[in-house]
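Below is one structure; the comments refer to it alone.
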Amino acid sequence: RRLRSRCVARPPRQGGLRLPQAQAAQVSRSRGLAPSRRAGMAASEDADAARRLAQQRFARIYQDVLIESGGATKEEAVSQALKLAKTAHEVPKYLLGEAPRSGLVEAIDALASGRSSPEGEQQEACQLAQALYGNFFCLCVALKPKPGMPATTEDPNFDAELMDRFFDRMPSQDQSIAAETSLEILGKLVDSVIEQGCTELGASPAKLRAVLPMLAHPGLSDPSDYEVMKRVLKLHALLHKQPVALDTLVCWYATASTAILERMVSQVQQFLTLSILEVQSELGGATSLDMAMKIAMQNDLASHTRNALRLLDIFWRANEKRAAVMASWRTRWQARKMRDRGERFEDDRLRPLLATQFHNDAINECEGILKSDLKEFLEMQHSGKFRFSELEESQRRDFGVIEFPFVLAPESKVRMLSIESMLIQRDEVRYAMIGQMLSRNRHDLNPYLVLKVKRTNLMQDALQQLAERGGAQHDYKKPLKVIFDGEEGVDEGGVRKEFFQLLIEELYNEDYGMFERIEESRTFWFNKNSLEANLQFELFGLVLGLAIYNQVILDAKFPSVIYKKLMAPRDIVASFGLSDLLDFEPSLAKGLIKLLDHEPEDTPFEDVFGPLRFVVEYECFGSMVEAELKEGGRDILVNWDNREEYVQSYCDWVFNTSIEKQYQAFRKGFDRCIADTLFRRLFREDELELVICGSEELDFKALEKSASYQDGFVVNSEVVRWFWEVVHSLSPEDKRSFLQFCTGCDRAPVGGLGRLPLVVSRAGPDSDQLPSVHTCFNHILLPAYSSKEKLDQRLRCAIQHCTGFGLM
């Protein structure tokens with residue numbers, strides 16, 4: 001009995017922990033009360049708990065009303081919140097269970113703007129910083145340049161400069177403490193938001209606004225501790241997956257000042273660079289494929305990199321919107337009119353960042369990361385998945401550089417594409433060799449795509465042999481070998497370079513009538529009156545595709561609009577307008593712009609521009625032909641109301657309708673080689689032109705720095721010094737001829753001449769022999785000439801007579 005009494009006297013436990021003494025005494029006393037009294041106390045406690053929950057619910061609804069309305073008074077918010085609280089209105093997330101103190105937001109705004117705080121709200125700067133970043137409500141409503149106005153999908157009503165001044169105007173002794181303490185509080189708030197889910201956050205612009213001051217916190221740029229930065233990146237990565245939130249954030253940053261956008265991009269780039277370099281240093285700095293796999297797992301770096309790239313993707317999309325506005329015909333026309341008046345056209349909110357500002361050096365210089373992501377992507381394709389959204393985030397091991405290729409420099413993209421091409425070619429060679437062993441009587445199973453052509457009949461030979469392989473499309477994926485009939489050269493790359501160059505020149509020949517020259521832009525465009533069969537246009541497209549697939553640079557004289565068409569999905573007709581026409585045929589575009597730019601007033605359209613119908617007239621074999629821009633266009637007059645439709649229809653006819661048959665055949669041939677490669681995932685339309693045509697900027701100083709020497713020559717050899725002095729003294733045209741002589745192409749590869757591995761070798765003692773080259777390997781052989789003058793004369797002679805191949 002004594003034992004039982006001692007056990008009863010002990011305070012009860014909850015969760016294995018002893019209750020506080022006062023609470024234990026209250027429990028003991030309650031057990032001595034009558035059952036009815038204990039029930040009454042329990043009911044009272046339940047009522048208190050329900051009252052507290054109701055107060056917290058009301059406080060959250062009240063804050064939500066203030067956030068969403070933007071300008072509601074306290075009385076209006078209370079009234080609306082009371083009405084909502086009496087309904088089944090869902091309790092808003094992220095908000096505290098008690099409303100912020102009166103005047104807190106005003107005190108934060110006062111510190112940022114330099115005004116005095118409201119009476120009775122004099123608080124230390126550290127407390128204000130903690131209140132701002134510890135309260136979701138404050139992040140939504142504080143620091144508004146237009147107080148009383150809610151955030152919308154077009155305007156977040158947030159001023160990043162106010163955010164900067166909020167910390168800058170603190171006493172110097174408080175700034176670091178305020179930044180440090182508020183950063184820690186911000187990390188907890190972000191964790192809470194992620195835990196509650198981001199659906200409600202992404203659906204409401206007024207709440208989504210909170211992420212802007214989060215990202216503007218100065219502590220996120222501190223490289224000594226990136227833990228909070230990783231949480232903020234994770235939050236943005238979750239928002240990136242919500243289309244509504246993504247569109248809203250893109251719209252906001254598209255209208256931000258260039259300085260703010262540039263700072264945000266630099267902040268994320270710094271995080272990426274330092275995180276990758278830190279892990280590389282921990283693992284010994286290696287960049288191999290195996291090491292890249294270790295880098296990916298170290299500190300969960302691959303996941304953090306993907307999150308950072310998703311935030312960069314928001315900035316990239318915003319920057320693309322800015323670039324589109326800047327390139328639009330309206331902006332360009334306005335700028336031209338201002339220049340004509342002697343005024344400068346400057347709008348900081350329109351100026352886009354350069355694409356190079358989105359390239360990350362740490363990623364581009366780590367070949368292991370590039371190979372690792374290529375490996376993961378090819379395995380993903382092999383498993384039947386072609387979209388990254390089809391993968392679970394927890395199952396991904398890639399860094400995300402293929403999903404977000406804007407972070408890659410063009411030379412890195414070319415490198416990844418060449419690796420993919422080599423892998424495909426290796427597989428084709430293996431399959432062909434296995435087929436040869438299994439089918440000994442079949443001689444057509446050649447592991448290479450071999451073209452044997454005559455210089456005098458180049459186009460017909462190439463067309464016939466490529467057409468013969470049209471039934472087996474995989475033949476185009478084999479390594480290409482070209483043989484010029486009657487020449488002994490072995491194709492290790494140089495012969496096919498000349499083959500492509502000669503074939504392109506012949507296809508552009510006006511005698512065939514496939515293309516017409518646009519004099520204003522000095523380019524060629526599809527001839528809408530061409531009588532050539534579709535097979536010729538298909539061959540041209542195939543040649544371009546083969547050139548990309550085999551890493552050969554061509555002198556393709558197409559306007560930039562063709563690359564925009566080639567990059568569009570095959571089942572989507574690319575849309576073109578006056579901006580494209582300005583680059584293609586400026587005089588025509590300016591006439592159409594004047595038609596749109598004219599103020600109608602009360603003058604009939606016909607009195608200003610004459611009678612126009614929805615037709616276009618063009619010459620066809622000496623006769624004028626009419627083409628309707630829309631059905632029944634011959635009977636539809638252009639007026640002030642439908643002039644925009646007329647202009648858009650005209651542009652669509654120029655770039656799509658008039659050359660549809662020729663382009664579709666061209667596109668069919670182009671896609672035979674690269675439709676299922678990384679090509680369209682990695683490159684932008686402006687980069688495609690660089691990949692096909694190379695760079696016209698020739699920096700021979702960079703070529704000299706990157707050159708190597710063999711067979712007795714060194715960088716300080718007298719003949720080598722003479723050689724470079726002669727090269728630098730050549731005229732621009734002769735420099736192109738020299739480049740053509742050494743490499744088989746007169747243009748620089750992607751990345752410039754510094755990326756060209758030129759080798760200069762000693763070819764014996766002094767002699768009258770001309771310099772010779774292995775164009776396959778960019779290798780020039782120079783005899784040790786006795787004088788600079790002799791070297792000059794012999795080299796100039798060589799580059800002027802460099803047609804044909806032979807064995808050495």
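The values are calculated or read from the model by the stated rules, or taken from the named source; none is laboratory data. Everything quoted here is computed from the prediction, not taken from an experiment. No Cβ is skipped: glycine too gets one built from the backbone with ideal geometry, and neighbour counts run over all protein chains shown. Side chains are part of the model used for accessible areas, which takes the heavy atoms of the whole protein and leaves out ligands, DNA and RNA. Shrake-Rupley method; radii C 1.70, N 1.55, O 1.52, S 1.80 Å.
Summary table
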item: Matching residues in region 623-657 - criterion: being over 21 Å from residue 597 (Cβ atoms), in a loop (DSSP other than H, G, I, E, B) and of a type in the set (Asp, Glu); result: 631
item: Residues of region 601-638 satisfying the condition of being of a type outside the set (D, E, K, R) and on the phi > 0 side of the Ramachandran plot; result: 610, 621, 622, 632
item: Subset of region 456-485 that is at pLDDT 75 or above and open to solvent by 80 Å² or more (accessible area, probe 1.4 Å) - its residue that is farthest from residue 742 (Cα to Cα); result: 468
item: Residue match in region 145-159 (condition: of a type in the set (Val, Ile, Thr) and either part of a helix (DSSP H, G or I) or over 28 Å from the mean Cα position of the chain (by Cα) (or both)); result: no
item: Candidate set from region 382-410 (those that are open to solvent by less than 40 Å² (accessible area, probe 1.4 Å) and modelled with pLDDT under 90); member that is nearest to residue 363 (Cα to Cα); result: 398
item: Filter result for residue 128 (part of a helix (DSSP H, G or I), open to solvent by less than 20 Å² (accessible area, probe 1.4 Å) and farther than 23 Å from residue 201 by Cα); result: yes
item: Those helices (runs of 4 or more DSSP H) lying entirely in region 164-238 with at least 1 residues among the hydroxyl-bearing types (Ser, Thr, Tyr); result: 172-196, 199-203
item: Qualifying helices (runs of 4 or more DSSP H) (wholly inside region 558-622; at least 1 residues being touching an Asp or Glu at 6+ places or on another chain (Cβ under 7 Å) and without any contact (Cβ under 8 Å) to a residue 40 or more places away in the chain); result: none
item: Residues satisfying the stated conditions in region 134-149, i.e. closer than 16 Å to residue 109 by Cβ, in contact (Cβ under 8 Å) with a residue 24 or more places away in the chain and of a type outside the set (A, V, I, L, M); result: 135, 137, 138, 140, 144, 147, 148
item: Conditions (1) modelled with pLDDT of 80 or more; (2) part of a loop (DSSP other than H, G, I, E, B): number failed by residue 33; result: (1)
item: Single residue of region 630-685 satisfying the filter (among the hydroxyl-bearing types (Ser, Thr, Tyr) and closer than 26 Å to residue 617 by Cβ) that is surrounded by the fewest Cβ atoms within 10 Å (Cβ to Cβ); result: 657
item: Residue satisfying condition, being among the polar types (S, T, N, Q) and open to solvent by 40 Å² or more (accessible area, probe 1.4 Å), within set 334, 280; result: 334
item: Check on residue 327, in contact with a Pro (Cβ under 6 Å, 6 or more places away or on another chain), open to solvent by 10 Å² or more (accessible area, probe 1.4 Å) and of a type in the set (A, V, I, L, M, F, W, C); result: no
item: Matching residues, region 182-197, being under 30 Å from the mean Cα position of the chain (by Cα) and open to solvent by less than 10 Å² (accessible area, probe 1.4 Å); result: 186, 187, 190, 193
